[in-house]
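The values are calculated or read from the model by the stated rules, or taken from the named source; none is laboratory data. All of these numbers come straight from a predicted model, not from anything done at the bench. Every residue, glycine among them, receives a Cβ derived from its backbone with ideal geometry; neighbour counts consider all protein chains shown. Ligands, DNA and RNA are stripped out before the accessible areas are found, and what is left, the full protein with its side chains, is counted by its heavy atoms. Shrake-Rupley method; radii C 1.70, N 1.55, O 1.52, S 1.80 Å.
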Amino acid sequence: MSKVYLIGAGPGDEKLITLKGFEILKKADVIVYDRLANPSFLEYKKDDANLYYVGKQSSNHYKTQDEINDIICECAKEGKIVARLKGGDPYVFGRGAEEAKYLLDRGIDFEVIPGITSAIGGLAYAGIPITHRDYSSSFHVFTGHFKDDDRALDYESIVKLNGTLVFLMGMKNLLKITSNLIQAGKNKDTKVAIINWATRTFQKTVTGTLETIEDVVIKNNMTSPSLIVVGDVVNLRKELNFFESKLLFNQNILVTRARKQASKLSSMIKEYGGNPIEIPAIKIEPIIKDNKELEASINKLNEYSHIIFTSVNGVKIFMDYIFMIGKDIRCLSNMKFCVIGKATKKELEKYHINADIMPKNYVAEDVIEEVKKHINSDSKILMPRAKEARTIIKDELEKLCQIDEVKIYKTIKDNVDKQNVKELLKNKKIDYITFASSSTVKNFVDLIDGEIDLINDSKIISIGPITSDTIKNSNLNLYKEAEEYTIDGVFSTIINDL
Ligand code: SAH
């Protein structure tokens, strides 16, 4: 059954969408979105969902409203589920009601999923409560931009209101708004706040008074989309500013891990108010098809006494392969399991297997020492691992017993637009760059065509000694190495640095 959902995406922080909106987003065949909706929502789409970006930058519409309506209608007529994702709440400006009426007139089934409007939620993230018993007992939301320029606001009536005044789409007319308010009798010293990209990790807020705010805005280069807030509640920002006072607020942190692995570090950064920028320098590609080594080892699984996993990817790809070919964990019951790193141990536990051997430190030399204690000349070890991993573990253990290495995945370059990355590095101050493996370092340097000057001012954090060596060998300045060689360790290194 086709249906169009007008979904309020919330003010920007992707977690501020409703559960209902999120569920529809995940099952929609078509997603129509504009610039106010956080693009990270798109990560949750179905693999084969069609995406339509319909711009909308107040006077610089990427698609006209008629074109947007047509796209939505055409898709609905094809029997699809359409998610029309709109910033904030769909019925607070932004022409949501017009879209609904258009659908109704054409007999297309639709539903509205309300969202948190920027006019309330955006203020909260800047530490400004829209009401407070002592300062404001009502609030009023206006558009600062009119379809018809002659239809101005009735300032005489507005100044009689004692509540908080919020203007949306008002940046082009800011001076007009503030001077009209003063002229109509509002005190020129009334507090004003401007909040740009509210609730996003790059939110920026400035404050002033009705008289001074225009200068403050020019000086700070504040642009659209911004909220204009007028009223005494702005004063409460000094105390209630929970978001901008988070530890990592205003910190741009590059996450260079493979796309699928980046999310853990990125969400920790976001939780602390930072801005994670994912540049997946690498991509993990399983080597499963026609892998003779793998087939041979699977055929003699019962001969192995030990299995060594050196990475999360190794566990995941190997275990999934076992299940894919119709076996289950009983086929590994004669083996002792050795894992390198806490994350690898945890991954194995997902398959209900506890590790038997876990070296304290996660470098190859320590692994060899630890494993040595558990084997003898009759032992036979299986080690599924990355194609490009170092051979030292195999070389050393081979002196003591039989060891079969099976290359089950490789790290390759991801399809990242080089030019975009270089532009980003030129235009944005990057505070930290995180590297979680040697291959990400190498591929990242390749990605920027060896122009390492682009990242001279950023602090480079490495996950451990091997990665640090690669950083130094690539002529990059290593700032710090994580004390614990894990992603949590990388994160703590940044937190402790502040
Ligand atoms: N339906 C939306 C408003 C759409 S009108 C809502 O409920 O929030 C577009 C205007 O909303 C922008 O020009 C800007 O004034 C405001 N706006 C929306 N999201 C914003 C954000 N994250 N930060 C600042 N202003 C925002």
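Worth a mention:
- Using only Cα coordinates, the Kirkwood hydrodynamic radius of segment 408-498 works out to 13.6 Å.
- Here the calculated FRET efficiency for GLU43 and ASP449, from their Cβ-Cβ distance with R0 = 25 Å, stands at 0.35, rounded to the nearest 0.05.
- Surface exposure of segment 285-413, expressed per residue as accessible area with a 1.4 Å probe, stands at 52 Å².
- Packing rank of 410-417, 335-342, where each peptide gets the mean count of other beta carbons within 10 Å, highest leading: 335-342, 410-417
- Extension gain for LYS387-ASP414 works out to 8.1 nm (0.36 nm per residue, less the C-alpha to C-alpha distance).
- With at most 14 other Cβ atoms within 10 Å, longest stretch of the chain clear of loop GluC sites (Glu not before Pro) (DSSP): 79-387
- Candidates ILE322, ALA389, LEU332 compared by Cα position along the dipole of segment 285-413: farthest toward the positive end lies ILE322, with charges placed on Cβ.
- On Cα atoms only, tilt of 312-324 relative to the major axis of the chain in degrees: 80 degrees
- Seen from every direction in turn and averaged, the convex hull around the alpha carbons of the chain projects onto 28.0 nm².
- Working note: 222 nm ellipticity from helices only, DSSP H runs with n ≥ 4, each -39,500 (n - 2.57), summed and divided by the residues of the chain, gives -8500 deg cm²/dmol to the nearest 500.
- For the chain, the fraction of 1.4 Å probe accessible surface lying on carbon and sulfur atoms is 48 percent.
- Applying a threshold of 21 Å to the alpha-carbon distances of LYS172/LYS219; LYS20/LYS346; LYS407/LYS480; LYS270/LYS426; LYS346/LYS459; LYS283/LYS442 flags LYS20/LYS346; LYS407/LYS480; LYS270/LYS426; LYS346/LYS459 as lying beyond it.
- Charge dipole magnitude, Cβ of K and R +1, D and E -1 - the chain, Cα centre, debye nearest 20: 340 debye
- Accessible surface computed residue by residue for segment 1-113, with neighbouring protein chains in place and a 1.4 Å probe, gives 48 Å² per residue.
- Directionally averaged shadow of segment 3-116, computed from the convex hull of its alpha-carbon atoms, nm²: 6.1 nm²
- Of the chymotrypsin sites (Phe, Trp or Tyr not before Pro) in segment 61-149, the ones in a loop by DSSP (not H, G, I, E or B) with at most 12 other beta carbons within 10 Å are PHE146.
- Rounded to the nearest 20 debye, the dipole magnitude of segment 3-116 is 140 debye, with +1 charges on Lys and Arg beta carbons, -1 on Asp and Glu beta carbons, and the Cα centre as origin.
- Near-label residues of segment 408-440 by backbone N, under 13 Å of a point 7 Å along Cα→Cβ of TYR479: 429-435
- Our note on the geometry: Cα centres of segment 177-199 and segment 217-286, 26 Å apart.
- Sites GLU211 and LYS429, calculated FRET efficiency, Cβ-Cβ separation with R0 41 Å, nearest 0.05: 0.80
- Rounded tilt (10° steps) of 487-497 against the dominant C-alpha axis of the chain: 50 degrees
- What the Cβ-Cβ distance of ASP366 and GLU156 gives, at R0 = 60 Å and to the nearest 0.05, is a FRET efficiency of 0.20.
- For segment 120-240, the convex hull drawn through the C-alpha positions has a volume of 99 cubic angstrom per residue.
- Computed label-point distance, nm, for sites ASP469 and LYS264 using a 7 Å Cα→Cβ extension: 2.4 nm
- Of the chymotrypsin sites (Phe, Trp or Tyr not before Pro) found in segment 154-207, those that fall in a DSSP loop while having at most 16 other beta-carbon atoms within 10 Å are PHE202.
- Label-to-label distance for LYS289 and GLU244 is 5.3 nm, based on points extended 7 Å past Cα in the beta-carbon direction.
- Gained length - ASP320 relative to ASN302, 0.36 nm times residue gap less alpha-carbon distance: 4.7 nm
- Solvent-accessible area per residue, Å², over segment 443-483 with all protein chains present [probe radius 1.4 Å]: 50 Å²
- Ranked from largest, the principal axis spans of the Cα set of segment 305-375 equal 35, 22, 16 Å.
- Share of Cα-Cα pairs in segment 285-413 lying beyond 17 Å, as whole percent: 54 percent
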